[in-house]
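Remarks on the structure that follows.
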Amino acid sequence: MADVSWTNESGSSALLSNKSNNRVKFAIGGLLMFAAIVFLVVNAVRGNTQLYKTVAEFYSQQEELQGRDLRVAGWVMGDSIKFTQIDAATSQLEFEIVDDYYNPNLRLKVIAMNEPMPDLLQDQAQALVEGRAGEGGVFLVNPGGLMLKCPTRYEELDPAGHPSGVTFSSNNQ
Amino acid sequence: MIADLGYFSLLFALLAAVYAVGAAWYGHKSHNERWLESARNATLITLPLTALSSALLITLLLTNDFSIQYVWRVSSIEQPTYLKVTALWGGQAGSLLFWNFLLAAFTAAAMAHKWDEQKPLMPYAIIVASFTQIFFLSLSAFVENPFARIAGGIIPANGNGLNPLLRHPGMIIHPPMLYLGFTGFTIPYTFAMAALISGRLDDTWIRTTRRWTLVAWLFLSLGLILGGRWAYDVLGWGGYWGWDPVENASLIPWLSGTAFLHSVMIQEKRQMFKWWNMFLIVITYLLVIYGTFIVRSGVISSVHSFAQSAVGPLFFGFIAVMALFSIYWITKRREDLKSEHTLASFLSREAAFLYNNFLFLAILAIVFLFTNYPIISELFTGERGFVGPPVYERALAPLFLLLLGLMGIAPLTMWYRTSLQRLGQAMVWPAVVATVTIVVLFFLEVRLWAALLGVWTITFSMVLTLVEFGKGTQARMRRGENFFTAFSNLMARSRRRYGGYWIHLGVLVMAYGVIGVELYQQETQRQLQAGEIVALGAYEVQFLNVMQRPGPDDLIITEAVLDVYKNGRLVATLTPRREIYTRTGQPMTIPDARSTFFEDFYVLLAEQPTSPTAVTLRLFLNPLINWVWAGGFIFVLGTLIAAWPDPVEDKITAVRARQRPAVALTGD
């Protein structure tokens, strides 16, 4: 019944005024909500973003990247993987990543403290690491910041054993 | 031979889809029903053709035909049979073929279901659905051919095999559920566009679209929940959601689909928000394609994305074409999409749905923005930025909290206008119960304000929702029905309403779990010698020894034996293990857990033990994690209740269809 009486008001000045009031309220409400979202986004993002870098970029911009939160991707060199138990409460996992598996001129040493050994961390795996530049050109991984590419998507090797993705660069990510 | 047959089957499916577009168009223009029937048959035949193509690829996988590149990549001789079958969706090309099969199944179901009732929309529906099919079938046929042979006639002796981490029952069901959800959203879009183009924007399309949306949404929800469970069980990081771009790619269309399922009720009841509903259906479809683009193009670095592929630009082009097409028709029909009523009060059921939509869209916008942050930041700053899970959580937590609160309040509101006094009265007792709950929790040492605020909101909404069930049941009991009859009749007679409330309950239970595990998860890593003990929370773990034994196939299993004590009492013996596939050297860490209603004590080996008397353990204490899964179960149950065909509603739709003019092959 409410529907009927409501629609029957159509055309009356009361409804017109109500409509225009609603529009103003909508506009103000919409603007406030938009401002709230912008605030939430800016507040969350400010000072908390990571810069995505390749190994080559990491080395060429090492000084300016000091103290920044970084995300670096690369191919894992299998011969560099090492898990060391320093004492009962401290372990160190280290390995090297490169942009181009077949021309590994620049190797970035990645160090993760107290991280378990991931099953996927092996030769030619693709690693995504989050962390910071440490002393001596090493990369220190944040807690939980070591990720290996999901196994469903391993399609990188050709039958001769060469990765078909070949290199990591700014453009191909 | 088998590969050739599979490929030709795929090509014929593509030809059938192209023919369907032409025949539907011609049939519509010439008012010739035979052409229209022919177009429908062409659409239907894409199903057996893509099914045959998929079956033949499975045959190649089962027969270890490693001359086929795809088979070599995702299968091996040793792989168990069920994993050879599931390898169909284990890589880019196969999963695209599987996608085509599901799309054909949905399209065929939509064309076969109530053809006569929907006839006026069908020429356009066939054209839109077949156009989507043409795009995906072309990708399979010309860009990611699953039947391509290895160049140079090489036939490897064995294949790479599916990664051992995928040897989990989750592989059987999680990807198909996600794909069903994604492909399913094509159908609501198809009917929405058909309604737009034909100008038949009455109730029929919205009822049809809602049902199909609910089906797609159910599958997508299942895919998301199962993905979380799989990650928790297998990946060994004690979590279930990582805000990875590819995970977000599934969540984003789910958010817009959820917004639509709510706002569609306003259109059905009050003929409002027509334009908005059309917009939601369109963006859900576009976001599905966009999500597929993110997963398959490798444009954003993600731990889940496929290898980089040539499909990226093609997806982008397709999205652009479909977006322009949709915008054109929405603009053209803007007069027909005007609301027949305006919002009378900001305290009404309509307004509650509006706030709900605002919150869903705000969450969607933020997740979309953060997911695409690498691209956006590079565009504006020249540097590729990335945002991690803490940023998502900080930005989204207030919006989720509001949504949880609204979930309880919205069902109390009335259409048109609700009095503040009535609303206030209904909220008093739930607020009291919620307050008592957090006071009790405070004395139980729960002191984080975020946890207390979250629990207050969830409890408040939960009590409100339970009261709705209680009121409905009581009303029926007053007619002489006993409690069980009253409750089951309530569910059966108002499936949409009470199915929706079950869904809300599921979400609320999940939300308790999320608060528990996100705010109170504890973890530690420690090396232990035999007999040594490590403590975490109220638990103590004593390491006894390491045992090694051969497993099935080429497996070597190394497991640690641990006694677990809680408050000094032995409660479990856990055996977390590492399995090594000796042929490939691939390890697989299998956690073990003591699982109770209130928490999981989750243990995994941090590395391969090298001595029988020493082991490095990673321990997690995950409070309320099982509430996430229990909530997921209730959620799915609610969706099934809401989506179950309602004979009364079907009758109404049929009557309305009969009331329309008999000859309905005309349009623009």
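The values are calculated or read from the model by the stated rules, or taken from the named source; none is laboratory data. Quick caveat, the model's predicted, so the values are computed rather than measured. Neighbour counts are summed over all protein chains in view; Cβ atoms, including those assigned to glycine, are modelled from backbone coordinates with ideal geometry.
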Residue satisfying condition, being surrounded by 17 or more Cβ atoms within 10 Å (Cβ to Cβ), part of a helix (DSSP H, G or I) and within 35 Å of the chain's Cα centre (by Cα), within set B:Ala431, B:Ala486, B:Ala450: B:Ala486
Boolean, B:Thr573 is surrounded by fewer than 15 Cβ atoms within 10 Å (Cβ to Cβ), within 36 Å of the chain's Cα centre (by Cα) and either part of a strand (DSSP E or B) or of a type outside the set (Phe, Trp, Tyr) (or both): yes
Unique residue being within 24 Å of B:His262 (Cα to Cα), within 29 Å of the chain's Cα centre (by Cα) and in contact (Cβ under 8 Å) with a residue 24 or more places away in the chain when the list is B:Gly506, B:Gly516: B:Gly506
Verdict on B:Leu401 being of a type outside the set (Ser, Thr, Tyr) and facing chain A (nearest Cβ under 9 Å): no
Test: B:Tyr520 is of a type in the set (Ser, Thr, Tyr) and surrounded by 20 or more Cβ atoms within 10 Å (Cβ to Cβ): no
Number of the exception - B:Pro123 against (1) at pLDDT 90 or above; (2) within 27 Å of the chain's Cα centre (by Cα): (2)
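One line per residue, one yes/no per condition, for (1) crowded, with 19+ Cβ neighbours inside 10 Å; (2) polar (S, T, N, Q); (3) modelled with pLDDT under 90:
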{"residue": "A:Val42", "(1), (2), (3)": "no, no, no"}
{"residue": "A:Ala73", "(1), (2), (3)": "yes, no, yes"}
{"residue": "A:Val76", "(1), (2), (3)": "yes, no, no"}
{"residue": "A:Gln85", "(1), (2), (3)": "no, yes, no"}
{"residue": "A:Tyr102", "(1), (2), (3)": "no, no, yes"}
{"residue": "A:Val129", "(1), (2), (3)": "yes, no, no"}
Qualifying position, being farther than 25 Å from B:Leu337 by Cβ, without any contact (Cβ under 8 Å) to a residue 60 or more places away in the chain and part of a helix (DSSP H, G or I), among B:Gly223, B:Gly228: B:Gly223
Filter result for A:Tyr59 (over 16 Å from the mean Cα position of the chain (by Cα), away from chain B (no Cβ under 14 Å), hydroxyl-bearing (Ser, Thr, Tyr) and farther than 19 Å from A:Gln122 by Cα): yes
Residue in region B:369-390 that is nearest to the other protein chains (Cβ to nearest Cβ), counting only those that are more than 16 Å from A:Val42 (Cβ to Cβ) and among the hydrophobic types (A, V, I, L, M, F, W, C): B:Phe386
B:Thr610 vs. criteria modelled with pLDDT of 95 or more and over 30 Å from B:Leu508 (Cα atoms): no
Filtered residue count, region A:62-87, keeping only those that are touching a Ser or Thr at 6+ places or on another chain (Cβ under 9 Å) and more than 9 Å from chain B (Cβ to nearest Cβ): 4
All positions within region B:467-483 that are in a helix (DSSP H, G or I) and without any contact (Cβ under 8 Å) to a residue 24 or more places away in the chain: B:Gly470, B:Lys471, B:Thr473, B:Gln474, B:Ala475, B:Arg476, B:Met477, B:Phe483
Residue, farthest from the other protein chains (Cβ to nearest Cβ), within region B:341-362, restricted to residues that are touching a residue at least 40 places away in the same chain (Cβ under 8 Å) and small (Gly, Ala, Ser): B:Ala352
Some residue of region B:27-42 being within 22 Å of B:Phe142 (Cβ to Cβ) and of a type outside the set (A, V, I, L, M): no
Residue that is farthest from the chain's Cα centre (by Cα), among those in region B:553-569 that are part of a strand (DSSP E or B) and over 16 Å from B:Ala593 (Cβ atoms): B:Arg569
Subset of region A:90-137 (residues that are in a loop (DSSP other than H, G, I, E, B), without any contact (Cβ under 8 Å) to a residue 40 or more places away in the chain and within 14 Å of chain B (Cβ to nearest Cβ)): A:Asn114, A:Glu115, A:Pro116, A:Met117, A:Pro118, A:Asp119, A:Leu120
Residue within region B:14-36 that is under 28 Å from the mean Cα position of the chain (by Cα), closer than 17 Å to B:Met122 by Cα, in the same structural domain as B:Leu97 (by TED's automatic domain parsing) and surrounded by fewer than 23 Cβ atoms within 10 Å (Cβ to Cβ) present: no
Selection within region B:239-292 - closer than 30 Å to A:Met147 by Cα, out of contact with any strand residue (DSSP E or B) (no Cβ under 9 Å at 6 or more places or on another chain) and outside any helix (DSSP H, G or I): B:Tyr240, B:Trp241
Test: residue in region B:144-160 that is within 11 Å of another protein chain (Cβ to nearest Cβ), part of a helix (DSSP H, G or I), surrounded by fewer than 24 Cβ atoms within 10 Å (Cβ to Cβ) and among the hydrophobic types (A, V, I, L, M, F, W, C): yes
Pair list, Cβ under 8 Å, 6 or more apart: region B:363-380 residue in a helix (DSSP H, G or I), other residue acidic (Asp, Glu): B:Ser377/B:Glu383
